[in-house]
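*Asks:* Dropping the structure in here first, questions after.
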Amino acid sequence: MDRIAITGGAPLHGDIAISGAKNSAIKLMVASLLTDEPLRLTQMPRLADTRFLGALLRRLGAEVEEREGPSGPETLLQTREIVSAFAPYELVRQMRASFNVLGPLLARTGHAKVSLPGGCEIGARPVDLHLAALRALGAHIDLHEGYIYAQAPRGLKGARIAFPISSVGATEHAMLAAVLAEGVTDITGAACEPEIVDLAACLAAMGAQIEGAGTEHMTIRGVSRLAGAEYAVAPDRIEAGTYAMAAAMAGGEVRLTGARAGDMEALLAKLEEAGVGVERLNDGLIIRRNGARLAAVDIETSPFPGFPTDLQAQFMALMSLAEGESVVRETVFENRFMHAPELRRMGADISVSGREARVRGVERLEGAPVMATDLRASVGLVIAGLAARGETVVDRVYHLDRGFERLEEKLSACGAKVRRLKD
């Protein structure tokens, strides 16, 4: 099992190119099931999650080709025919987002058998909203022995779907099913994240008719078929935010090329409040910290445009060295403070009560062996290691490989002392 070793104390200087967004790329790959024509996705990240999903799509009948295009990594997908509408547990369990093949399989074939995704270390994350949306579209759904059996022999029908809470996954799932449903689908309570806008734009390039993406009210007029398309995956706002906090943690100046400031304002405002220099550019961001101690800042996670839960662990690491006490409140997932005990191993002063953590800034962190518990926690420990005295070794970094492409290479190019240890 690989580990990552970080020797702290080196400021960061240089450029980091932001990869395509993981959370967009995997849903765009799923969209390839909706057409028999080729879907060419450019600016594709190369991640464990995209490989997991590629394996599942191949089982269902897709041809998936990873290649180097004129502008970088791209993936060509084509599902001429659905050869199987069965998504087994051993593939779905590797990544929750693969559950979203259910809607496209129903829309394309009228039936599907898909495993429930199983538990999650950062919370229950049930799929009841996904299933309610599909039922509203006319699907008959039964659950047996951990599998969803779904049927829509006469096709899906447009409907009114009202989500009681914001759910990115359920909103995306409803979109993926409704684009081929007969009639109009009206979605209220839709999630507004940039990844929703990205999926809508890709589907529109394929011929879908979607209005209101990025707002709480979305209207989808179903079409009889979708065509192939070429589409560039949006830059990853979570990766960009992580490297912004890495620069703030270690000090120095880093240019994040390709980052979209408009997708990151909740974070950028908090960084500026803490004393980090932020320069917004047309093609990215510059993050500066001159070495002065940062001020403690409170955050509360919430759906977009609020502070992203996927940046909470990284911000907690940053606040562990700030002057004063900060409060980190997690409202999205009920069990997303598992990184706090690992940060305490490095000398952080953090106390957790329910969904709230109090972080009392310390003068310095000390390198220590720590263990990653999930994707975002793992990178939070890496950026803490950038500022710690001595060496930090992060174990179980297979979590990190799910969502960060060439992390050691990108950080090392800016002067960080980071290396991967192979067992």
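Yes/no per residue for (1) closer than 18 Å to Arg402 by Cβ; (2) in the same structural domain as Leu285 (by TED's automatic domain parsing):
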position: Gly8; (1), (2): no, yes
position: Ile26; (1), (2): yes, no
position: Glu74; (1), (2): no, no
position: Ala87; (1), (2): no, no
position: Asn100; (1), (2): yes, no
position: Lys113; (1), (2): no, no
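*Asks:* For the list (1) crowded, with 17+ Cβ neighbours inside 10 Å; (2) in a strand (DSSP E or B), I need the number of the one condition that His13 fails.
*Replies:* Exception for His13: condition (1).
Here's the yes/no breakdown for (1) more than 19 Å from the chain's Cα centre (by Cα); (2) at pLDDT 95 or above:
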residue	(1), (2)
Gly252	yes, yes
Leu267	no, yes
Val278	yes, yes
Ile286	yes, yes
Glu323	yes, yes
Thr331	no, no
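*Asks:* When you go through Arg344, Arg358 one by one, which is the residue that is out of contact with any helix residue (DSSP H, G or I) (no Cβ under 7 Å at 6 or more places or on another chain), without any contact (Cβ under 8 Å) to a residue 40 or more places away in the chain, of a type outside the set (A, V, I, L, M) and part of a helix (DSSP H, G or I)?
*Replies:* On the way: Arg358 fails: part of a helix (DSSP H, G or I).
Being out of contact with any helix residue (DSSP H, G or I) (no Cβ under 7 Å at 6 or more places or on another chain), without any contact (Cβ under 8 Å) to a residue 40 or more places away in the chain, of a type outside the set (A, V, I, L, M) and part of a helix (DSSP H, G or I) holds for just one of Arg344, Arg358, which is Arg344.
*Asks:* Please name all residue pairs, on different chains or six or more residues apart, with Cβ atoms under 6 Å, provided the first residue is in the range 395-423 and is modelled with pLDDT under 90 and the second residue is surrounded by fewer than 22 Cβ atoms within 10 Å (Cβ to Cβ) and of a type in the set (A, V, I, L, M).
*Replies:* Listed pairs, sorted by first residue: Arg396/Met371; Asp401/Ala48; Arg402/Ala48; Asp423/Met1.
*Asks:* Looking at (1) within 30 Å of Ala388 (Cβ to Cβ); (2) out of contact with any Leu (no Cβ under 7 Å at 6 or more places or on another chain); (3) surrounded by 16 or more Cβ atoms within 10 Å (Cβ to Cβ), find the lone condition where Gly8 falls short.
*Replies:* Checking Gly8 against (1) within 30 Å of Ala388 (Cβ to Cβ); (2) out of contact with any Leu (no Cβ under 7 Å at 6 or more places or on another chain); (3) surrounded by 16 or more Cβ atoms within 10 Å (Cβ to Cβ), the one that fails is (2).
*Asks:* I've got another one for you. Which of the strands (runs of 3 or more DSSP E) contained wholly in the range 233-306 include at least 1 residues that are in contact with an Asp or Glu (Cβ under 7 Å, 6 or more places away or on another chain) and closer than 26 Å to Gly72 by Cβ? Outline the logic, then answer.
*Replies:* On the way: elements: 252-257, 277-281, 284-289.
Correct list: 252-257, 284-289.
*Asks:* Also, I was wondering about something else. Name the residues in the range 127-142 that are outside any helix (DSSP H, G or I) and within 23 Å of Met95 (Cα to Cα), would you? Talk me through it step by step, then tell me what you get.
*Replies:* Start the filter on the range 127-142 by keeping residues that are outside any helix (DSSP H, G or I), which leaves 127, 137-142.
Listed by number, the residues that qualify are Val127, Ile141, Asp142.
*Asks:* A further question follows. Of all residues in the range 402-422, which are outside any strand (DSSP E or B) and surrounded by fewer than 17 Cβ atoms within 10 Å (Cβ to Cβ)?
*Replies:* Going through the range 402-422, the residues outside any strand (DSSP E or B) turn out to be 402-416, 422.
Once the filter is applied, which keeps residues that are outside any strand (DSSP E or B) and surrounded by fewer than 17 Cβ atoms within 10 Å (Cβ to Cβ), the range 402-422 yields Arg406, Glu409, Ser412, Ala413, Gly415, Lys422.
The values are calculated or read from the model by the stated rules, or taken from the named source; none is laboratory data. Remember, it's a predicted structure, so these values are computed and weren't measured experimentally. FYI the Cβ positions are ideal-geometry reconstructions off the backbone, even for glycines, and counts take in every protein chain you see.
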